[in-house]
Amino acid sequence: MKRRDFFKTSIAASAAVLSSTSLAAGETHQPNETRKVSKYAFPEKRPLITYSDRPPLLETPLSVFTEEFTPNDQFFVRWHLPDIPTHIDPDTYTIHINGMVQRELKISLKDLKNDFEQVEVNAVVQCGGNSRSAFTPIPGGIQWGSGAMGCARWKGVRLKDILDKAGLIEGAKWIGFNGREKAAYYKTPNFVRELELDELDDHVIVAYEMNGEDLPYLNGYPLRLVLPGYYSDSWVKMLSNITVTDKYKSLFFMDKAYRVPDNECECETPEKLAKKTKPITIMNVKSVIGYPENGAKIYHNSEVVVRGVAWDGGYGIHKVMISLDDGKTWDEAQLKEDLGRYAYRSFRFGFKPKKYGKLHIMAKAVNSLGEEQPFSKDIGWNRGGYKYNGIQVVNVEVV
């Protein structure tokens, strides 16, 4: 299949019906992990948990998260606007660099691959609303379980190198990014993100490759911004324009969406919403268990190996702890190879179940700063359902 003809072969999928809940206001609990994988597959993807087909909203099943890298065909998909180009010609595609630059540029894919140093970075991309279904009352937005994330080896060109070639004019401070997705209604704002120049380092790249292959169409082909450590709302897909300015430009997706209360707990109550908010940026520490799955049956006195992944915003995972007694005691899991501070750190923990019946398995990640995951009940509610990182509980039965 040619990517330029991507949607000619697309299989329509039904939008999920979001169920209501009667739980008490302001509660935070375990995310809803009961949604099933669709029987339909989108092009370049295996069947995933489907929330919508326009725009495409696909979640990765938890069982995938047992290794450091997420396969491209199982990688989650999150678009904001429904009008995605149905035709992409890689031979003519360019990104436009303009604004406060000495040389306005239009750079082709060929230029990126031949005229700049090629770099790779291993990094997790995670939706800011990942695990949103853990909040009650239900915040607006997609009611994700815990699979709106993935880790890949991204290849491309440093954003700094591109800006150096354009040459920044004195006083330049902000960079705006936008892609090719468009709104269906003319009054809907375009999805544009801005970053301060001070936020850039050598890990921020414009990527054309993911896990050794061209970017999948649904993950931003042919180019996307990779901003390691940050939530995915800043990882602009189908990147088409980079504009340098001296002032911050007021934008809906910066000033209204993707914000949390500007206080220590980043929390509020439905009855008393915080007046001051701030944008979500750097990811907090989190882990998930990929095996065993919720509802699994495991055998008494057998060798069971709990497997999963942990990550944070770039400080690095120090350890992962496992509890088999509802958090009363914790034992340290074995960490696998460190693939970089922005990547998943996979973990393993072996044990033999000694008692028959229900068993709750918990995982808790701790980063190099000593920050650790809280219990879900201890996370404060926020109106956007953002940045949930509660300790996961997997319920199994020993038979």
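The values are calculated or read from the model by the stated rules, or taken from the named source; none is laboratory data. Being a predicted model, the structure only gives us computed values, none of them experimental. Cβ placement follows ideal geometry from the backbone for every residue including glycine, while neighbour counts extend to all protein chains displayed. Surface accessibility is based on the protein's heavy atoms, side chains included, excluding ligands, DNA and RNA. Shrake-Rupley method; radii C 1.70, N 1.55, O 1.52, S 1.80 Å.
At a glance:
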{"item": "The range 278-299 - residue that is within 22 Å of residue 69 (Cβ to Cβ) and of a type in the set (S, T, N, Q) and, of those, least open to solvent (accessible area, probe 1.4 Å)", "result": "287"}
{"item": "Count - residues of the range 351-379 that are in a strand (DSSP E or B), in contact (Cβ under 8 Å) with a residue 60 or more places away in the chain and not aliphatic (A, V, I, L, M)", "result": "3"}
{"item": "Residue check for residue 385: in contact with a Cys (Cβ under 9 Å, 6 or more places away or on another chain), of a type outside the set (Val, Ile, Thr) and open to solvent by less than 30 Å² (accessible area, probe 1.4 Å)", "result": "no"}
{"item": "Selected residue (criterion: most open to solvent (accessible area, probe 1.4 Å)) from residues of the range 40-87 that are at pLDDT 95 or above, assigned to a loop (DSSP other than H, G, I, E, B) and charged (D, E, K, R)", "result": "46"}
{"item": "Unique match (being in contact (Cβ under 8 Å) with a residue 60 or more places away in the chain, open to solvent by 10 Å² or more (accessible area, probe 1.4 Å) and outside any strand (DSSP E or B)) among 271, 264", "result": "271"}
{"item": "Cβ-Cβ under 8 Å pairs, at least 6 apart or on other chains, the range 382-396 side farther than 30 Å from residue 276 by Cα, far side outside any loop (DSSP other than H, G, I, E, B) and among the basic types (Lys, Arg)", "result": "395/358; 396/297; 396/358"}
{"item": "Which numbered condition residue 105 misses (of (1) under 30 Å from residue 384 (Cα atoms); (2) in contact with a Lys or Arg (Cβ under 7 Å, 6 or more places away or on another chain); (3) open to solvent by 10 Å² or more (accessible area, probe 1.4 Å); (4) modelled with pLDDT of 95 or more)", "result": "(1)"}
{"item": "Residue list for the range 313-322, restricted to those being open to solvent by 60 Å² or more (accessible area, probe 1.4 Å) and within 25 Å of residue 385 (Cα to Cα)", "result": "315"}
{"item": "Subset of the range 300-312 that is exposed (fewer than 15 other Cβ atoms within 10 Å of the Cβ) and part of a loop (DSSP other than H, G, I, E, B) - its residue that is nearest to the chain's Cα centre (by Cα)", "result": "303"}
{"item": "Yes/no for residue 76 being under 26 Å from residue 382 (Cβ atoms), in contact (Cβ under 8 Å) with a residue 40 or more places away in the chain, out of contact with any Lys or Arg (no Cβ under 6 Å at 6 or more places or on another chain) and aromatic (Phe, Trp, Tyr)", "result": "yes"}
{"item": "Failed item in (1) under 19 Å from the mean Cα position of the chain (by Cα); (2) within 30 Å of residue 201 (Cβ to Cβ); (3) among the β-branched types (Val, Ile, Thr), with residue 289 passing the rest", "result": "(2)"}
{"item": "Leading residue by the ranking (surrounded by the fewest Cβ atoms within 10 Å (Cβ to Cβ)) among those in the range 93-102 that are out of contact with any Pro (no Cβ under 7 Å at 6 or more places or on another chain) and of a type outside the set (Val, Ile, Thr)", "result": "102"}
{"item": "Residue 181 vs. criteria in contact with a Phe, Trp or Tyr (Cβ under 9 Å, 6 or more places away or on another chain), modelled with pLDDT under 95 and of a type in the set (Asp, Glu)", "result": "yes"}
{"item": "Residues (in a strand (DSSP E or B) and either at pLDDT below 95 or surrounded by 16 or more Cβ atoms within 10 Å (Cβ to Cβ) (or both)) located in the range 336-350", "result": "345, 346, 347, 348, 349"}
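Quick grid of which residues meet (1) within 22 Å of residue 29 (Cβ to Cβ); (2) within 19 Å of the chain's Cα centre (by Cα):
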| residue | (1), (2) |
| --- | --- |
| 318 | no, no |
| 375 | yes, no |
| 381 | yes, no |
| 386 | yes, yes |
